[in-house]
Amino acid sequence: MSNTIQSQGMKVRPDQMVLQLQGDEKFLAALKTIPFSASQRPAADGLITSIEQYDAFVETASQNPGYLSANHEQDRTLNDARALASSRLRSALRLPLSSCSYNRP
């Protein structure tokens with residue numbers, strides 16, 4: 001999806017937003033089954049919350065043409081929060097920081 005979005009001049013189609021939501025749905029379902037330790041649980045919950053908030057935004061954008069382009073700041077804020085939450089969980093799990101970057105709706 002990242003390469004497709006880039007090839008489209010960083011423009012996102014509604015069907016691509018739906019694909020992002022479907023992928024996140026599967027990821028969240030799997031994430032919620034992991035038995036995190038008490039010290040890791042806050043970071044895991046933070047990631048779950050940030051993905052759910054991001055997905056609510058993307059769902060609204062997928063159903064309302066122009067919403068994404070009219071709300072760039074909220075999009076950036078939610079993307080940054082998601083990335084930070086992901087980094088916090090990786091840190092809590094003592095995993096290396098992610099070295100990949102990609103474009104998502």
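All of the numbers you see were taken from the coordinates with simple rules; none came from a lab. Computed from a predicted model, the values in this text were never measured in an experiment. Reconstructed Cβ throughout: ideal geometry from the backbone, glycine too, with neighbour counts over all protein chains shown.
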Would you mind putting 4-12, 39-47 in packing order, based on average other-beta-carbon counts within 10 Å, highest first? 39-47, 4-12
Under a GNM of the chain (C-alpha, springs under 10 Å), which listed residue has the highest mean-square fluctuation: GLU73, GLU25, GLU52? GLU73
Under a 10 Å cutoff between Cα atoms, tell me which one of THR77, THR49, THR33 has the largest fluctuation in the Gaussian network model of the chain. THR33
Semi-axes of the equivalent ellipsoid for region 1-48, Cα gyration tensor, largest first, Å: 31, 11, 7
So, relative contact order of the chain in percent, Cα under 8 Å, 6 or more apart, is 40 percent
Any chance you could list P(r) for region 1-88, counting all Cα-Cα pairs in 5 angstrom bins from zero, rounded to whole %? 3, 14, 20, 24, 19, 11, 6, 3, 0
Take the chain, connect every pair of alpha-carbon atoms lying under 10 Å apart with a spring to form a Gaussian network, then pick out the residue of SER87, SER50, SER37 with the largest mean-square fluctuation. SER37
Quick check: the angle from helix 72-92's long axis to the longest principal axis of the chain, C-alpha only, nearest 10 degrees? 20 degrees
Measure out, as a whole number of angstrom, how far apart the alpha-carbon centroids of region 36-105 and region 6-22 sit. 16 Å
Nearest 10 degrees is fine. How inclined is helix 14-31 to the longest principal axis of the chain, computing both from alpha carbons? 10 degrees
Between helix 41-63 and the chain, what is the angle of the helix's C-alpha long axis to the longest principal axis, kept within 0 to 90° and rounded to the nearest 10? 10 degrees
For region 44-105, what does the relative contact order come out to in percent, with C-alpha contacts under 8 Å and a separation of six or more? 39 percent
